[in-house]
Amino acid sequence: MKTSKTKATAKLVSIDGVHAPAVVAAARRAIGGRGRGGISHWDASGIFQDLAVADQAAGVPSARTLLLLYAADLAFRLRWEIRPALAEGRTVVAAPYVATAVAFGRAAGVPAGWLTNLFRFAPPAAERRFVTASRGAAGKHGFVGFASARVGAASGRARRQIVDGAAEHLRDAARARARR
């Protein structure tokens, strides 16, 4: 049986940003000395690995399709990584979590209400951190880099425009969080 002390140490921490190496580094720092904990990375389910090697005949996915796949991957992470670790009293760092996907969606032109409804299933993080990176920092790794490389031309927006827009949405979220 878990003690109240064990339950008190369980914490979900989100790290969101467009620059994947910076997000991973921040996640490592966040888990650092906490002892019992781990990092839940995007694409734990392998959905995006499969998409990356899909034949060109599969076509270019829309931003909404990529967001639905991200939500499916997040549901997988919650079921198999995040919730079990929290139930054991561990700290889990989700890198990235919901804010990154929402920022990508907004930058790609997806309505805020649709995004809110899509991610309603995800529990709020006890602690939220935003990794800001300089303009042009996102590579092809990480969700925003991966998704913007696939959606850019098909959406009528340049890849760089989507990455920069996502970074701006995350900066706005960080500023809003700081004002609270």
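The values are calculated or read from the model by the stated rules, or taken from the named source; none is laboratory data. Keep in mind it's a predicted model, so treat the numbers as computed, not measured. Methodologically, a virtual Cβ is constructed for each residue, glycine included, from the backbone with ideal geometry; neighbour enumeration extends over all protein chains shown.
Key figures
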read-out	value
Subset of segment 31-84 [within 24 Å of GLY113 (Cβ to Cβ) and polar (S, T, N, Q)]	SER62, THR65
Residue within segment 97-110 that is at positive phi, modelled with pLDDT under 95 and in a helix (DSSP H, G or I) present	no
Top-ranked residue in segment 36-48 [being farther than 16 Å from THR65 by Cβ and free of Cβ contacts under 8 Å to residues at least 40 places away in the same chain; ranked as surrounded by the most Cβ atoms within 10 Å (Cβ to Cβ)]	ALA44
Cross-chain or 6+ apart pairs with Cβ under 8 Å, segment 49-73 first and over 12 Å from PHE104 (Cα atoms), then modelled with pLDDT of 95 or more and of a type in the set (Gly, Ala, Ser)	ALA71/ALA101
Selection status of ARG177, modelled with pLDDT under 95, assigned to a helix (DSSP H, G or I) and under 30 Å from GLY89 (Cβ atoms)	yes
Total residues in segment 49-78, condition of a type in the set (Val, Ile, Thr) and loosely packed, with under 12 Cβ neighbours inside 10 Å	1
Unique match (being under 25 Å from LYS11 (Cβ atoms), modelled with pLDDT under 95 and among the β-branched types (Val, Ile, Thr)) among THR132, THR116	THR132
Count - residues of segment 135-158 that are at pLDDT below 85 and either touching an Asp or Glu at 6+ places or on another chain (Cβ under 8 Å) or not basic (Lys, Arg) (or both)	12
Test: LEU78 is in a helix (DSSP H, G or I), under 24 Å from ARG175 (Cβ atoms) and either modelled with pLDDT of 95 or more or in contact with a Gly (Cβ under 9 Å, 6 or more places away or on another chain) (or both)	no
Sole exception among (1) buried (at least 20 other Cβ atoms within 10 Å of the Cβ); (2) closer than 21 Å to ALA44 by Cβ; (3) at pLDDT 95 or above for PRO84, by number	(1)
Subset of segment 65-115 (residues that are over 19 Å from ARG150 (Cβ atoms) and small (Gly, Ala, Ser))	ALA75, ALA85, ALA87, GLY89, ALA94, ALA95, ALA99, ALA112, GLY113
